[in-house]
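The values are calculated or read from the model by the stated rules, or taken from the named source; none is laboratory data. Fair warning: this is a prediction, and the values are worked out from it, not measured in the lab. All Cβ positions, glycine included, derive from the backbone under ideal geometry; neighbour counts span all protein chains shown.
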Amino acid sequence: MKTRFCWLQSFLLFCGLCLSIPAEDRPTCAVLNFEAGAGLSEEEARFIHARFSALLPKFDQYDVVAESRIQDLLKVAQFNRSDFTSTMDYALEIGKVLQIRYMIIGTVGRIGDLYSLNTSVVDIETGKIIDTAITDHKGTITDFATRVPEQNIQELLYGAAAGTRTASTDAPAIDSGTAGNTTPVRASTSVKDRRAALQQAQALYEAGLYKESMDAVKQLMKESGPSVEAHILLGEAYAKQKGWYNLAVRELEKAIAMDSTSVEARMALASLLAGAVVLHCEAIRTRQQVQIGRASCRADRAAPLLKQVR
């Protein structure tokens, strides 16, 4: 009875959390200083990093660690990038000390009048890159610094099509060979075709073909951009894969970030979190049963001894 109350109480608690998702419950994230690639100075890379870091919190996707806190840590711990064999190792070490969930790393570079910002989201717990965005810009460094950081964030959080679609609203569409142009906008898939593709992915999911369903959703998002429904389906498919719980939560959080009024997205996340709570409570119940069994065994062994004493 207590176990049943435990998971029911936890389920209601997590439902409440999912329906509000306060800032403190968003995954924690920090942005490591971007590396200056060929053709760009350290000062220019720092400027792009500062602009990216300032814009990221506005998307309400992460609880972003302040840059000042990162710099204080580097001073106290005396971390030096040259002491690590790779940027990934450096990011993981800092992320573990900061006790954050994700770290964003990036590189900015230039060849001629083509500028590029390459960023990746690193899962500190698994040590794996879970998302990557590459945003190119042909034009001046000023235009690159002004437009690309925000577009890159869009691509990193919601997929490449989202970033190109956002950029197209900032300025009229220009031929890809024209200076000042950012990555060209993809041709959008019709609503009818998109719905059919999503239904096909849903059918694969219901048939238990979760990997195929994930591939279908990712292809759809690549061709026509993300949607709440696509993120929900992708999250539910991730949830069926062993060890992919964090990715499932992330996709459902993306769905809620796109539409905070989506009851379906919030309930899907609540159900996923509640399922984790049930498993936790079952583990507690099993552990309690083992402890009771051990105590009973000890009592059985003690009974003959007590009779001898009497």
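With respect to Ser120, determine if the residue is part of a helix (DSSP H, G or I), under 18 Å from the mean Cα position of the chain (by Cα) and at pLDDT 90 or above.
Numbers: part of a helix (DSSP H, G or I): no; under 18 Å from the mean Cα position of the chain (by Cα): yes; at pLDDT 90 or above: yes.
Criteria not met by Ser120.
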Failed item in (1) touching a helix residue (DSSP H, G or I) at 6+ places or on another chain (Cβ under 7 Å); (2) surrounded by fewer than 20 Cβ atoms within 10 Å (Cβ to Cβ), with His231 passing the rest
(2)
Checked pairs for region 250-265, first crowded, with 22+ Cβ neighbours inside 10 Å, second assigned to a loop (DSSP other than H, G, I, E, B) and among the hydroxyl-bearing types (Ser, Thr, Tyr), C-beta under 8 Å and 6 or more apart or across chains, list as Ala255/Ser262; Ile256/Ser262
Hits in region 233-269 (condition: β-branched (Val, Ile, Thr) and over 17 Å from Asp131 (Cα atoms))
Ile256, Thr261, Val263
Test set (1) at pLDDT 55 or above; (2) more than 19 Å from Ala38 (Cβ to Cβ) - Leu114 fails condition number
(2)
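Which one of these is assigned to a helix (DSSP H, G or I) and either over 30 Å from Ile256 (Cα atoms) or at pLDDT below 90 (or both): Ala50, Ala45, Ala38? If you could, list the steps in order and put the result at the bottom.
Details: Ala50 fails: either over 30 Å from Ile256 (Cα atoms) or at pLDDT below 90 (or both); Ala38 fails: assigned to a helix (DSSP H, G or I).
After ruling out the rest, the residue left standing is Ala45.
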From the set of residues in region 82-111 that are free of Cβ contacts under 8 Å to residues at least 60 places away in the same chain and assigned to a loop (DSSP other than H, G, I, E, B), which is nearest to the chain's Cα centre (by Cα)?
Ser86
Could you figure out which of (1) of a type outside the set (Lys, Arg); (2) within 20 Å of Asp131 (Cβ to Cβ); (3) at pLDDT 80 or above isn't true of Ala207?
(2)
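Can you tell me which residues in region 35-80 are of a type in the set (S, T, N, Q) and in contact with a strand residue (DSSP E or B) (Cβ under 7 Å, 6 or more places away or on another chain)? Walk me through how you get there before you give the answer.
Initially, region 35-80 is screened for residues of a type in the set (S, T, N, Q), giving 41, 53, 61, 68, 71, 78, 80.
Listed by number, the list holds a single entry, Ser53.
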